[in-house]
Amino acid sequence: MKFAKISQTLALWAGSPKTFLGAISLIFLWGLSGPIFHFNDTWQLIINTSTTIITFLMVFLIQNTQNRDTDILHLKVDELLRVTKDAQNAMLGLEGLDLKQLEALRKQYRKMGEDEAMSLKGTAPDEQPKQDLNQC
């Protein structure tokens, strides 16, 4: 639980405009220091090593945040399915299906969508288009 809390805090901090401006400032200062160090290998090694380490750590931070956001989204959708009268509650257990089963289900839903004859205006071919009340 501590890791989750720390990663959330770090993700909020890392994604802030102040952190971005700080990173830009550090790169600018590093660039300005080039003539002082005669653009030598150590000068280049500092920025390369720093960015590599930061990128490596950010991958794990981003993945943790993405997993958490995905879990939250799934729970919200599961709750909407659960309370919707006409929903298929079998959809609540999709996590247990393998890739082949998910693809078959996706094809089934795609076919259901194709069977619905909709025009580009969002109405069935035999219906009259609805009046747009936003137009005066």
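The values are calculated or read from the model by the stated rules, or taken from the named source; none is laboratory data. These numbers come from a predicted model, not from an experiment. Cβ: placed from backbone, ideal geometry, glycine included. Neighbour counts: every protein chain shown. Keep in mind that these areas ignore ligands, DNA and RNA; they rest on the heavy atoms of the full protein, side chains included. Shrake-Rupley method; radii C 1.70, N 1.55, O 1.52, S 1.80 Å.
See the values below:
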| quantity | calculated |
| --- | --- |
| Per-residue HN-Hα couplings for segment 15-27 [Karplus 6.51, -1.76, 1.60; θ = phi - 60°; Hz; x = Gly/Pro] | x, 7, x, 5, 5, 4, 5, x, 5, 4, 4, 4, 5 |
| Viscosity 0.692 mPa s, 37 °C: Kirkwood-radius Stokes-Einstein D of segment 1-83 over Cα pairs, µm²/s | 211 |
| Estimated FRET transfer efficiency when R0 is 22 angstrom, pair residue 54-residue 6 (beta carbons, to 0.05) | 0.85 |
| Rounded percent of accessible protein surface that carbon and sulfur make up, segment 1-117, 1.4 Å probe | 68 |
| Segment 1-83, accessible area per residue, ligands and nucleic acids excluded (1.4 Å, Å²) | 85 |
| Integer Hz, Karplus 6.51/-1.76/1.60 couplings in order for segment 57-69, x for Gly and Pro | 5, 5, 4, 5, 5, 5, 4, 4, 5, 5, 4, 5, 4 |
